[in-house]
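Here's the structure, in structure tokens; my notes come after.
The values are calculated or read from the model by the stated rules, or taken from the named source; none is laboratory data. All figures in this text were calculated on a predicted structure; none of them were measured in a lab. Here the Cβ is made from the backbone with ideal geometry for all residues, glycine too, and neighbour counts use every protein chain on show.
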Amino acid sequence: MRWPANTSISCDKVRLGRWRSLWVAVALVILAVDVQPSWAPSSGEAGLSSAVEMRGAWARYCGIPNWDETIRRLHEANFNAVFPYVCSAGVAYYPSSILPPSETAGPTDYLAAATSAGHRYGVEVHARMLVLETLFAAEATKLDLARQGRLMQDADGESLPWLCPTNPYNREQVVGVATEIVRNYPVAGLQLDYIRYPHQNCCFCEHCRRKFIHDTGAYIQKWPQDVISGKHKEAFNSWRRQQITSLVAEITAAAKLARPQIVVSAAVFPDWPSASNRFGQDAASWAERGLVDFICPMNYTANIGTLIGWLQQQMTMVGGRVPVVVGLGPFSDSCQFDGPHQLLDQILIGRDEGAGGFVVFNYNQQFAHDYLPYLAMGVTSTPAAMWPWL
Ligand SMILES: [Zn+2]
């Protein structure tokens, strides 16, 4: 399934109106046939299917065992989107003119295989960039980046395996990668992942020191102490957010210049007020400024109360500007589900809270064999359309 040409990133009001109108239209249709609203929790064992929503799975660069089977299984369970990572900051799983190929996966064009299968089965492929992390990169690549002073540095001056977002060469690289993906592959979307700092203790590299002083006019006596615990701490936190947010803006603008109908999204941490300070990840402002077309908070928890709390906060902070597609984590590092019934419950909660759909972490054999058939008996028993305004 391909989305029609979408609006430009400056058309928030149009989007908001269409988003609301869509749900009003769906509600009227459902009332007309006198059934329970499809996004409401069901008292039935498996729940009802929903008419309009994104149903996705995050995935590795390669399918399991291959892309055809992965996407066929998703299609058979009425999922309509898949989010494979296709590159990090130091490796690509497609022939890139910017990034080196994976040492372990080789030069195979996995992204071409994914998009081909996606078109065959009508499942959207959203290419996921692990934007700033050098995950899976060769040691030689990381050493080279460190030598060039392009990696983040902590307060002790130690390099971290992450690109500093302030460094202009790094910004040029990630914008170039986004552009080549959108230009060269018929992907429905581009998803930004690892679009953040790894923690609070960075980045204090020379580029950041100079640019912070230039941008804020702050007088620094002791770097980085003055911005870690001194009088410039708040200004530095705000400035860090700006580094990430402006990078999101650059990537989105370049991607939409390359192909105006491309849909850009981001995978983000669940606790947004905390994430904006700790990780420089200000998802609410990205929605407010129209920098993303939808947001996937990674709400990985087995606790229903925690899930509802996060989702309600996210929905409030987004204020209906863009869809929130809730990320659910039966196989995440932070929690493991007992079985597919837990995922079913969380999908129903997402619908109840007004999410625009869900994305599951992560496609694997157990998900394919135990979870997908279970969901297909109830909450995804019928196909769902994608939001028509995208
Ligand atoms: Zn830096």
Query - Unmet requirement for Pro383, which otherwise passes all of (1) under 20 Å from Tyr85 (Cβ atoms); (2) not in a helix (DSSP H, G or I) - result: (1)
**Report entry** Pair list, Cβ under 6 Å, 6 or more apart: region 85-113 residue of a type in the set (Asp, Glu), other residue crowded, with 23+ Cβ neighbours inside 10 Å
**Finding:** Asp109/Tyr94
Query raised in the report: Do we have Leu291 as outside the structural domain of Arg171 (by TED's automatic domain parsing), touching a strand residue (DSSP E or B) at 6+ places or on another chain (Cβ under 9 Å), at pLDDT 95 or above and not in a loop (DSSP other than H, G, I, E, B) here?
Result: no
**Report entry** Residue that is nearest to Arg240 (Cα to Cα), among those in region 155-192 that are more than 9 Å from the ligand (Cβ to nearest atom) and part of a loop (DSSP other than H, G, I, E, B)
**Finding:** Ala155
Requested in this report: Residue by residue through region 193-238, note down the ones that are more than 13 Å from the ligand (Cβ to nearest atom), over 27 Å from the mean Cα position of the chain (by Cα) and outside any helix (DSSP H, G or I).
Outcome: Gly217, Ala218, Tyr219, Ile220, Gln221, Lys222, Ser229, Gly230, Lys231, His232
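Here's the yes/no breakdown for (1) within 30 Å of Gln366 (Cβ to Cβ); (2) at pLDDT 95 or above; (3) surrounded by fewer than 23 Cβ atoms within 10 Å (Cβ to Cβ):
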position	(1), (2), (3)
Ser38	yes, no, yes
Ser42	yes, no, yes
Ala46	yes, no, yes
Ser50	yes, no, no
Ile71	yes, yes, no
His75	yes, yes, yes
Asn78	yes, yes, yes
Ala92	yes, yes, no
Report summary line: Note on region 205-219: residues over 24 Å from Ala146 (Cβ atoms) and either touching an Asp or Glu at 6+ places or on another chain (Cβ under 8 Å) or in contact (Cβ under 8 Å) with a residue 24 or more places away in the chain (or both) are Asp215, Ala218
Report task. Starting from residues that are among the small types (Gly, Ala, Ser), in contact (Cβ under 8 Å) with a residue 24 or more places away in the chain and over 21 Å from His199 (Cα atoms), keep the ones in region 125-154 and report whichever is farthest from the ligand (Cβ to nearest atom). Result -> Ala127
Report task. Go through Gly309, Gly354 for me and flag whichever is surrounded by fewer than 20 Cβ atoms within 10 Å (Cβ to Cβ) and under 19 Å from the mean Cα position of the chain (by Cα). Result -> Gly354
Report task. Name every residue in region 294-306 that is surrounded by fewer than 24 Cβ atoms within 10 Å (Cβ to Cβ), part of a loop (DSSP other than H, G, I, E, B) and in contact with a Gly (Cβ under 6 Å, 6 or more places away or on another chain), in order of residue number. Result -> Tyr300
Query raised in the report: Quick one: which of Thr245, Thr301, Thr252 is touching a Leu at 6+ places or on another chain (Cβ under 6 Å), in contact (Cβ under 8 Å) with a residue 12 or more places away in the chain and within 23 Å of Ala127 (Cβ to Cβ)?
Result: Thr252
Query raised in the report: Mind checking which residues of region 352-369 are without any contact (Cβ under 8 Å) to a residue 60 or more places away in the chain and either of a type in the set (Lys, Arg) or part of a helix (DSSP H, G or I) (or both)?
Result: Gln366, His369
Query raised in the report: Mind checking whether some residue in region 257-274 is more than 17 Å from the chain's Cα centre (by Cα) and either over 18 Å from Ala188 (Cα atoms) or crowded, with 23+ Cβ neighbours inside 10 Å (or both)?
Result: yes
